[in-house]
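To start, the structure itself, in structure tokens.
The values are calculated or read from the model by the stated rules, or taken from the named source; none is laboratory data. The shown structure was predicted, so the numbers you read here are calculated from the model rather than taken from an experiment. Positions of Cβ are generated from backbone atoms using ideal geometry, with glycine treated the same way; all protein chains shown enter the neighbour counts. Side chains are part of the model used for accessible areas, which takes the heavy atoms of the whole protein and leaves out ligands, DNA and RNA. Shrake-Rupley method; radii C 1.70, N 1.55, O 1.52, S 1.80 Å.
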Amino acid sequence: MKQIFTIFCLLSVQALFSQKTVTGFTEKSSLKELQVESNFDSLLKASDINNNIRELSAKPHHIGSAGGKEVAENILAKYKSWGWDAKIETYQVLFPSPKTRVLELISPVSYKAVLKEMPLKEDATSNQKDQLPTYNAWSADGDVTAELVFVNYGLPADYEILEKYGIDVKGKIVIAKYGRSWRGIKPKVAYEHGAIGCIIYSDPKDDGYYDGEVYPKGAFKNEYGVQRGSVMDMVIYPGDPLTPGIGATADAKRLERSEAPTILKIPVLPISYHDAKPLLEQLDGPVAPEDWRGALPITYHIGPGKATVHLKLEFDWQLKPAYDVIAKMQGSQYPDEWVIRGNHHDAWVNGAGDPISGQAALLSEAKAIGEMVKKGWKPKRTLVYCAWDGEEPGLLGSTEWVEDHAKELQQKVVAYINSDGNGRGFLGVEGSHAFENLIYEVSKGVKDPQTGVSVYERLKARQATNEKTAKGKLEALNKKGFTLGAMGSGSDYSSFIQHLGIPALNMGYGGEDPGGEYHSIFDSYDDYRRFKDSSFEYGVALAKTAGHTALRLADADVLPFDFRSLYKTVNGYVSELIKLSEQTKENTSAENELIKANQYKLAADPEKGLKTPVLKEEVPYLDFSPLQNALDKLSKSTEQINDSWNKALQSGNDVNSFNIGLFQAEQQLLTENGLPRRPWYKHTLYAPGFYTGYGVKTMPGIREAIETNNWKEAQEQIKLDAAILVKFSDYLEQLAKNNN
């Protein structure tokens with residue numbers, strides 16, 4: 001009976017996959033690959049996701065803590081039990097923790113901020129010892145007293161509004177709302193404008209009762225919830241601030257702390273909206289513009305005036321061990337070609353959602369792979385599964401490991417596949433655009449737990465229904481293919497792609513699970529099972545999505561890089577830049593005409609006393625022809641390499657040197673000297689924005705020069721990026737020629 005059942009299953013699989021091929025595999029190897037993935041899927045269990053989240057989020061486990069070491073050792077033991085060759089690599093990194101936190105309103109009334117999240121009986125881990133208090137890592141020490149000014153979200157554009165009101169924050173303490181940018185941008189911009197301190201709070205309109213019931217009744221942030229987080233200036237470089245560009249080993253040469261450019265120069269503190277309300281309601285000065293106002297039951301004023309606050313912060317600046325768990329499953333044919341899969345394990349507190357939900361999926365993948373290996377299967381290329389430490393304070397563990405092993409990684413790594421927190425909803429993937437077809441095929445082969453259609457079809461449905469125009473809806477409905485997002489920063493892929501030029505992907509599910517627990521004591525197992533992914537099936541979906549991607553890259557006959565997608569994407573970026581330049585020129589000219597004609601002064605309410613804008617420098621003509629010529633060459637070279645790719649797949653020969661050339665191609669998109677004012681970032685296509693943080697800037701050298709009206713630099717960067725694209729095209733042409 002058992003033998004008959006086995007034969008029946010095999011015939012069923014063959015019937016299911018008889019007409020299906022997988023990109024990068026021959027027809028014969030496609031069938032084998034799909035059988036491997038089917039076996040892999042059968043070993044994934046929602047109960048494993050559940051158990052891992054509950055187990056690994058049972059205690060606080062920030063970097064350098066006893067709980068953090070315990071989690072790393074727990075993960076290590078799991079890998080070893082599953083047959084992986086696993087070890088912990090330790091780095092010594094700077095990590096500040098708070099010694100003193102004082103925030104008080106001293107005028108016109110007195111109020112001392114609570115600065116504490118209140119535990120709840122409905123949340124079993126919300127009152128544990130060893131929880132990090134509410135703070136922002138990489139704030140400066142400071143003891144300052146000054147008038148308070150409300151600066152909306154604390155972005156450069158908000159300071160332009162303040163200037164119109166004649167409000168200067170020099171010598172003041174600012175209070176900004178979380179949202180619209182990465183938190184570290186807010187104190188950075190405040191410092192650039194002369195502020196001596198910064199407070200960041202979560203307004204209930206953005207993250208609280210305005211959108212729904214608050215925790216524990218609902219998933220949204222309650223009045224005592226606080227978002228901890230790093231304010232390191234990661235747009236300069238991530239990782240240990242004292243060892244830029246090199247691994248933070250025990251004997252590494254370190255900067256003095258005062259020399260580290262990524263540590264902020266003013267004190268910064270996050271607070272709850274419970275603590276923000278008494279401060280904001282004492283502000284006077286102009287009433288805030290309508291789009292600045294939140295949902296607290298007060299009239300929002302800007303200040304300054306009678307409201308004066310005292311902010312005192314002191315930190316313990318010590319080196320702490322970062323425990324990176326590195327597990328390898330050696331490849332049977334190409335052991336020196338690595339497919340790396342990673343997710344961090346450290347959290348600000350218990351971190352059930354961020355990062356353990358993603359880590360649980362990764363561990364399920366590793367367990368399934370271990371079981372398949374025990375039954376006789378082996379990957380062709382080496383799989384490297386990593387659990388990073390210190391991601392939360394600034395991508396510490398992954399960056400130091402990458403910097404420590406940089407040369408070897410550039411030689412060996414096929415791709416890096418990242419995940420982080422995971423939830424319920426829709427698939428999101430960003431990364432190297434030559435992988436668009438790979439992700440398109442993978443996403444069509446994974447079912448959405450709630451609807452039963454593929455995760456690709458569900459995502460496509462959301463995109464179509466979210467379109468505003470009939471034309472847009474129909475185009476989205478009829479679209480074929482998966483559009484990858486571009487990579488900014490905020491998770492462990494950054495050093496792989498933006499520093500070393502290693503192809504990378506970042507993936508996860510979400511969009512239907514509110515994030516009111518983010519970086520608070522309420523990011524707990526109790527919160528996760530109630531409001532994030534109660535069935536834990538989206539953890540399985542992530543394991544399938546990332547696992548299939550890793551398995552296909554590990555076993556492909558010809559690696560599934562399609563550089564035609566990259567060309568199409570870059571062509572779109574260049575069109576955007578040309579349009580941005582033209583719009584900036586037109587808008588500046590029109591604004592200057594209005595200013596010359598005194599229109600702003602006549603239109604303004606005299607009682608508000610708003611300043612009239614000053615004339616702007618006219619925008620010069622930018623010559624994009626070098627980029628356009630480079631794109632023409634790139635179009636031809638990507639077609640050539642695609643023809644060569646097809647020949648390689650059909651040949652049946654050993655094409656390993658061709659495969660190595662494919663995965664090392666992205667390194668040609670690096671610029672030796674890096675981006676202006678931040679040489680650590682070397683990729684010419686993707687980088688976090690200088691004033692967006694997590695948010696990406698594509699072709700950042702050119703784009704940010706245009707956005708800051710630095711026209712000389714914009715023209716220089718156009719020429720540089722054009723030369724990089726020509727070099728990349730030459731590389732592809734030579735690779736194609738060598739393979740023919």
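Points worth noting:
- FRET efficiency estimate (nearest 0.05) - Cβ-Cβ, E582 to Q734, R0 45 angstrom: 0.80
- Accessible area of region 376-433 divided out per residue, in Å², using a probe of 1.4 angstrom: 20 Å²
- Cα-based reach from K616 at 19 Å (exclusive), listing aspartates and glutamates while leaving out same-chain residues under 8 positions away: D158, E160, E163, E582, E586, E591, E593, E704, E707, E713
- Degrees, to the nearest 10: 66-81 long Cα axis against longest axis of the chain: 10 degrees
- With Cα atoms, 0 to 90° folded angle of helix 537-555 axis to the chain main axis: 50 degrees
- Accessible area of region 446-595 divided out per residue, in Å², using a probe of 1.4 angstrom: 37 Å²
- Inter-label distance for A250 and I298, nm, one decimal - labels placed 7 Å from Cα along Cα-to-Cβ: 5.1 nm
- Linear extension gain, N709 paired with K473, 0.36 nm per residue minus alpha-carbon span: 81.4 nm
- Rounded percent of accessible protein surface that carbon and sulfur make up, the chain, 1.4 Å probe: 50 percent
- Centre-to-centre separation between the Cα atoms of region 504-530 and those of region 403-426: 21 Å.
- For region 704-740 versus region 101-143, the inter-centroid distance based on Cα atoms is 48 Å.
- In terms of accessible area, using a 1.4 Å probe and ignoring ligands and nucleic acids, K32, K221 rank largest first as K32, K221.
- Between the beta carbons of N51 and V453, assuming R0 = 30 Å, the FRET efficiency works out to 0.60 to the nearest 0.05.
- Annotation for E591 and N127: the two label points, set 7 Å from Cα along the Cα-Cβ direction, are 5.4 nm apart.
- Once the Cα atoms are used to define both axes, helix 625-651 deviates from the longest principal axis of the chain by about 30 degrees.
- Violating pairs (Cα-Cα greater than 25 angstrom) within the set K320/K682; K479/K719; K473/K568; K45/K80; K59/K80; K585/K719: K320/K682; K479/K719
- DSSP assigns beta bridges within the chain; of those with both partners inside it, close to 60 percent run antiparallel.
- Listed pairs K69/K99; K380/K727; K217/K277; K221/K460 exceeding 27 Å between Cα atoms: K380/K727; K221/K460
- Where region 135-273 is the region considered: accessible area per residue in Å², 1.4 Å probe: 34 Å²
- When E467, E163 are compared by accessible surface with a 1.4 Å probe, the order from highest to lowest is E163, E467.
- Ordered by solvent-accessible area of protein heavy atoms (1.4 Å probe), largest first, the residues K444, K253, K601 come out as K253, K601, K444.
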